Structures are given as C-alpha cells and as structure tokens.
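Q: Next up is a structure, given as structure tokens.
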Amino acid sequence: MTSPPSPADGLRDRKKRQTREALATAALRLVAERGLEHVTVEEISAAANVSSRTFFNYFPSKDDALIADPSVDSARFVADLAEVPSDVPALAAVRAAMTGVIERIQADRESWLLRMVVIERNPSLLPRLVTAGAEVERAMIEAVAARVGVPPDHGFPALLVAVTGAAFRTAMLRWAAAGGARSLAELVDEVFEALAAGLPDPRTATPQPAAATT
C-alpha cells in the first residue's frame, strides 16, 4: 500500500512551485525590460534568488522559462474532461473542461499579460511555443476520441481540438488587447457560443429590440 504524502512532501512541492514561478516571473520581467538577447540565465537566477544550477533543475533554457505554461496541464485537462457528464455534447464538454485553466490564468493575470507581450515582441519564441502546444493537443485529441467513441486518428477529435484551440487563443488575444479588463471566461464563452451557433456572419445576426421609450 502506498503511504499518504507527508507534510514535508507537501512543503517541498509548494517550495518547488514557488521557485518555478519566481524564475518564470523574473525571466518575463527582465526580457520585457531589456529584450530577449540582453538577458542571461545567470541574471534570471539572481533575480529569483537562486543559483544558475537551480534554474536548470526547472527549465532547460531561458526560452522555456518564458513560455512555461503551468496553467495548461494536459493530464489535468483530461481528468476534467472525464468528469463532464457523458451526455454533454463534445464542444460544450471541452468548454467545461477549460474552466480550471481559465480560472488559473485569470488568477495569474499580470504574469499572463506580460507573457503575451514578451511572446509578441520576440517571434523567435513561437516555434518552441508551437511544439509545447502540440504535446497538449495530442493529449486532448486522445481524450476527445475516447469520449465520443472513435479512434484518435478519426477526423472529428482533431478538428474539434483545432477549432476550440483557435477559439481559445482568439479569446486570449482579445483579453490581452484589453489589458485583462474583461473577464477571460466571458470572452471564451462568446467564442464558444459562436462556434455552437455555426459561426454565423455578424451581418446576419438578429438585431436586439430597441429599448422602450416613454
């Protein structure tokens, strides 16, 4: 029988998360201030009050610290998707499974807004970001396939994941453009509602009735 985690294990895990977050935050702040080419691992480590050796325990490179995405945990998403009742349509189920991700991003609003600025200013980070995203997408495709009862190479799971991923990125970009002033959850709901409606042309949308006047 596996022993339950001890308080010491919990404390170590919490310290590891704090160190990882401190390194990512330091990397984002320094690169936003100076530019990607003018910041070293040693400077990031010093800003986070750890050694360069400790940095490499958490990230393989400076770029990885910048695009670190602790909110999008594929294993957690798969578990959240499995908890959505089986009678919920796949599109709505994916939206429901994203709730935790959205809440964690919203809670870490400043770091996420800064991360998006850094990525926009440094296009060289995009290939690594795409590679990291592909790993998450593969796990999502397998989870959706299992949910709807088709093999992972069926077209539907890949299409659903691609479309919902694009919708989520659109909401994130709008959220960042507004400086986080709007609720990310509301923006995600808007794009998912548009998908569920078949992505109607805005010009054909039914106008809202005018307010009554007295």
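The values are calculated or read from the model by the stated rules, or taken from the named source; none is laboratory data. The shown structure was predicted, so the numbers you read here are calculated from the model rather than taken from an experiment. With ideal geometry, Cβ positions are generated from the backbone for all residues, glycine too; neighbour counts draw on all protein chains shown. What goes into the accessible areas is simple: the full protein's heavy atoms, side chains included, and nothing from ligands, DNA or RNA. Shrake-Rupley method; radii C 1.70, N 1.55, O 1.52, S 1.80 Å.
Q: Using only alpha-carbon positions, what ratio does the radius of gyration of the chain give when scaled by 2.2 N^0.38 Å?
A: Working: Rg = 20.4 Å, N = 214, 2.2 N^0.38 = 16.9 Å.
Its radius of gyration relative to the 2.2 N^0.38 Å reference: 1.20.
Q: Further question: Percent of Cα-Cα pairs more than 19 Å apart in region 52-175, please.
A: When all Cα pairs of region 52-175 are counted, 52 percent exceed 19 Å.
Q: Next question. In deg cm²/dmol and to the nearest 500, what is the mean residue ellipticity at 222 nm of the chain if only DSSP H runs of at least 4 residues count, each as -39500 (n - 2.57), divided by the residue total? Present the calculation step by step, with values, prior to reporting the outcome.
A: Numbers: 11 runs with 147 residues, N = 214.
Rounded to the nearest 500, it is -22000 deg cm²/dmol.
Q: Going by average Cβ density within 10 Å per residue, which order do the peptides 127-138, 154-165 take, highest to lowest?
A: 154-165, 127-138
Q: In region 40-92, if the dipole is taken from +1 on Lys/Arg beta carbons and -1 on Asp/Glu beta carbons about the Cα centre, which of Tyr58, Ala68, Ser86 is farthest to the positive end?
A: Projecting each Cα onto the dipole axis, the largest value belongs to Tyr58.
Q: With each pseudo-label sitting 7 Å past Cα toward Cβ, what's the Glu37-Arg12 distance in nm, one decimal?
A: Going from the Glu37 label point to the Arg12 one covers 4.3 nm.
Q: Also: Over region 6-99, average the accessible area per residue using a 1.4 Å probe and give it in Å², no decimals.
A: Values: 5230 Å² over 94 residues.
With all protein chains present, region 6-99 gives 56 Å² per residue.
Q: Can you tell me the equivalent ellipsoid semi-axes for region 103-214? Use √(5λ) from the Cα gyration tensor, largest first, whole Å.
A: Value: 29, 24, 12 Å, ordered largest first.
Q: Volume per residue, Å³, of the convex hull around the alpha-carbon atoms of region 77-141?
A: Taking only Cα atoms, region 77-141 has a hull volume of 91 Å³ per residue.
Q: What helices does the chain have that are whole DSSP H segments, at least 24 Å long along their own axis by Cα, and with mean Kyte-Doolittle hydropathy of -0.5 or more?
A: Membrane-span-like by this rule: 126-148, 155-177.
Q: Now for a different question. Which percent of the accessible heavy-atom area of the chain goes to carbon and sulfur, probe 1.4 angstrom?
A: It is 57 percent, rounded to a whole number.
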